[in-house]
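Here the structure comes first, spelled out in structure tokens, and everything after it is commentary.
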Amino acid sequence: MANPVVAKRKRKSDFLTALPFMGPALIGLSVFVLIPGIRGIYLSFTEYNIFRAPKFIGLDNYTRMIADPVFWNALWVTLEYVIINIGIQTVLALFIAVLMQRYTRSTVIRGIILLPYLFSNVIVALVWYWLTDYNLGLINSVLDFFSIDKFTFFSDVTAMPTIALINVWRHVGYTALLIFAGLQAIPKDVYDAAAVDGAGEWRTFRSITLPLLRPVLAFVMVITVTGSFQIFDTIAVTTKGGPIHATETFSILISKTAWGNNEFGYASAISVALMVMLSIIAFAQTKLLSANQSDMDR
Amino acid sequence: MSDKIQTKRQSRNQEASESTIKRSLGSKIFGYGSLTIIVLVTLFPVYWMLRTALSTSKTLFSDPTSLMPVNFTMGGFARALGLSTNAQALAEGGSGASVNFSLYFMNSVIVCVILTVCQVAFSAAAAYAFSILKFKGRDAIFFLFVIALTVPGIFLVLPNFLLIRELHLVNSLFGIMLPGLLMAPFAIFFLRQFFLGTNLSIVEAAVIDGANHFRIFRQIVIPIAWPQIITLAILQFIGAWNDYLWPFYVGSGKPESTVLTVGLGVFKSQTPQGSPDWSGLMAAALIAAIPMILLMIFAGKKIVGSIQASAVK
């Protein structure tokens, strides 16, 4: 009451102006994310083939899932893929990022290293499928030339590691670049101080670089792990989940169940399970990697 | 005053980097050696694509390790572009199946350009509302977009496919673009961060002068944020160009709605299991890759910068 002008200004809201600005995005969010999200959860409690209306069956899809060996197989296959893919990719990317920081400022080199990321998974899969072909592929031809036994890259044992490595080739440059950006953000003074204290290369890396890099590493890990869990394209154009179920990851299983077997209800239940797993993993990662974010204020 | 400190710090940084450059010969050999190997491993498969694409499929077996094309021909490209006759294709080791990568290429261009332009424009408008405008519940609404950012794509593919099917948009380019046309959570998030981090006192001045928000958005904020908008557009375009799962289920039924990635998959599955048409496949893969290679050659610096910026933001 004492100051009506201030009170009036406080009450003035930009809401009506904001509506046209955020309207399209809000429609997009509701129609293609929120409502489908709810529908996906609802469908997971139904039996639904695309020709008849969904029939509510309670938790049946979930009890079926827990007893389904194909579901558990998908879990192990996906985990195998993620561990090989992320493990090798992260270590290699860290190595490349440190190399770039120390030996070259060249944007051309960074561009070359990033190039595979610009190619689609499908292109990358085809090129490597060709390079690793048993009969005519370059790798086996070279082995043959030196009279070494040819290697089957897509057997039930080797297919998943092969695919994991193919995707390392595509993503490692991208990951290295993100880590490189993090390295650039570490102030030089910290290194100077370490050098004055007589710290060696390895010691500097372990006690300074890694801890200060943690926020960026956390970010990188969350993106790459969630992406890795959803691996689909590479498998879809090479092994299609085979031999037998050896490369049948979650995404492949979901698509086979829905479009292959026309069981959209059960497929929804599996994708709900995948989403829950991913949320838990992302949450745990953020907690683990950025807890105690002391090191530097970012 | 602050300038002086700045230069002092810069020169100190230079000294530091000079001192770190003085390394032993052994570590130099290791460092440059490793970088060379990494560059070779990155580029060689791309060269091998070209070498295979220019070879004759039927005679590839005669010299599988040759670094030069085997029996040089443009036939692979002709087959991929749907330019060669059935007899020609079969003679060179093609499958004779009909593919038309010039059509798929156009489809990809149409989808990705429209998608990127609309997505970035609507997202920028929303980001403006969530950063510069002030109203009750603003941050709560924005939080919904943050949640959307964390929802895995595969989870939404199923219900969105059902929706597109109910709208009778399966096997249409519009059906492929529709779900992303009005916004991308990442785009809103990215631009909002930028708007919040920029000193926009000029905007406040304009508001006090009575300029309306549409004008401020168009004539002040967009020009200031232009480099960020281009960065974002590049990132979204690359993502759209390489997408496979969604356009496969929505568009693979007709050639008129088949995009490049999906066309490649179709081509691959049509070639016979025993002796695939590797030359045709690699030619097709190269056609799909060419825009990205050009983008890298002409805008490499910008792309590298964009990706680095997305890490630290």
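The values are calculated or read from the model by the stated rules, or taken from the named source; none is laboratory data. Keep in mind that what you see is a predicted model, and the values were worked out from it rather than measured. Counting neighbours? That spans all protein chains shown, and the Cβs are built from the backbone with ideal geometry, glycine included. To get the accessible areas, we keep the full protein, side chains included, count just its heavy atoms, and leave off ligands, DNA and RNA. Shrake-Rupley method; radii C 1.70, N 1.55, O 1.52, S 1.80 Å.
Residues that are buried (at least 22 other Cβ atoms within 10 Å of the Cβ), in contact with a Gly (Cβ under 7 Å, 6 or more places away or on another chain) and either among the aliphatic types (A, V, I, L, M) or more than 30 Å from residue B:300 (Cβ to Cβ) (or both): does region A:96-104 have at least one?
No, region A:96-104 contains no residue that is buried (at least 22 other Cβ atoms within 10 Å of the Cβ), in contact with a Gly (Cβ under 7 Å, 6 or more places away or on another chain) and either among the aliphatic types (A, V, I, L, M) or more than 30 Å from residue B:300 (Cβ to Cβ) (or both).
Kindly provide the set of residues from region B:147-167 that are open to solvent by less than 40 Å² (accessible area, probe 1.4 Å) and either of a type in the set (A, V, I, L, M, F, W, C) or more than 7 Å from chain A (Cβ to nearest Cβ) (or both), ordered by number.
Those that are open to solvent by less than 40 Å² (accessible area, probe 1.4 Å) and either of a type in the set (A, V, I, L, M, F, W, C) or more than 7 Å from chain A (Cβ to nearest Cβ) (or both): B:148, B:151, B:154, B:155, B:156, B:157, B:158, B:161, B:162, B:163, B:164.
Would you check if there is a residue in region B:252-261 being within 8 Å of chain A (Cβ to nearest Cβ), crowded, with 19+ Cβ neighbours inside 10 Å and in contact with a Phe, Trp or Tyr (Cβ under 8 Å, 6 or more places away or on another chain)?
Here is the first cut: in region B:252-261, the residues within 8 Å of chain A (Cβ to nearest Cβ) are B:260-261.
After this cut, where a residue has to be crowded, with 19+ Cβ neighbours inside 10 Å as well, the list is B:260-261.
Restricting the remaining residues to those that are in contact with a Phe, Trp or Tyr (Cβ under 8 Å, 6 or more places away or on another chain) gives B:260-261.
Yes: one or more hits.
Any idea how many residues of region B:16-56 are within 7 Å of chain A (Cβ to nearest Cβ), over 23 Å from the mean Cα position of the chain (by Cα) and either open to solvent by 80 Å² or more (accessible area, probe 1.4 Å) or at pLDDT 80 or above (or both)?
Residues in region B:16-56 being within 7 Å of chain A (Cβ to nearest Cβ), over 23 Å from the mean Cα position of the chain (by Cα) and either open to solvent by 80 Å² or more (accessible area, probe 1.4 Å) or at pLDDT 80 or above (or both): 5 in total.
Quick one: which residue in A:209, A:226 is among the polar types (S, T, N, Q), at pLDDT below 90 and over 20 Å from residue A:121 (Cα atoms)? Steps first, answer last, please.
Working: A:226 fails: over 20 Å from residue A:121 (Cα atoms).
On inspection, the qualifying residue turns out to be A:209.
For region A:223-261, what are the residues that are open to solvent by 40 Å² or more (accessible area, probe 1.4 Å) and within 11 Å of chain B (Cβ to nearest Cβ)?
Residues satisfying the conditions are A:223, A:227, A:230, A:240, A:259.
Please work out which residue is surrounded by the most Cβ atoms within 10 Å (Cβ to Cβ), limiting yourself to region A:53-80 and to residues that are part of a helix (DSSP H, G or I) and touching a Leu at 6+ places or on another chain (Cβ under 8 Å).
To start, the set of residues in region A:53-80 that are part of a helix (DSSP H, G or I) comprises A:60-66, A:69-80.
Right, trim to touching a Leu at 6+ places or on another chain (Cβ under 8 Å) and you get A:70-71, A:74.
Numbers: A:70: 13, A:71: 18, A:74: 25.
Applying the filter and picking the extreme gives A:74.
Quick one: residue A:86 ticks every box in (1) without any contact (Cβ under 8 Å) to a residue 24 or more places away in the chain; (2) β-branched (Val, Ile, Thr); (3) touching a helix residue (DSSP H, G or I) at 6+ places or on another chain (Cβ under 9 Å) except a single one, so which number is it?
Among (1) without any contact (Cβ under 8 Å) to a residue 24 or more places away in the chain; (2) β-branched (Val, Ile, Thr); (3) touching a helix residue (DSSP H, G or I) at 6+ places or on another chain (Cβ under 9 Å), residue A:86 violates only (1).
Run down A:22, A:65 and say which single residue is at the interface with chain B (Cβ under 8 Å from one of its Cβ atoms) and modelled with pLDDT under 95.
On the way: A:65 fails: at the interface with chain B (Cβ under 8 Å from one of its Cβ atoms).
One residue alone meets the criteria, A:22.
If residue A:50 passes every condition in (1) touching a residue at least 40 places away in the same chain (Cβ under 8 Å); (2) within 9 Å of chain B (Cβ to nearest Cβ); (3) out of contact with any Pro (no Cβ under 7 Å at 6 or more places or on another chain); (4) surrounded by 22 or more Cβ atoms within 10 Å (Cβ to Cβ) but one, which one does it miss?
(4)
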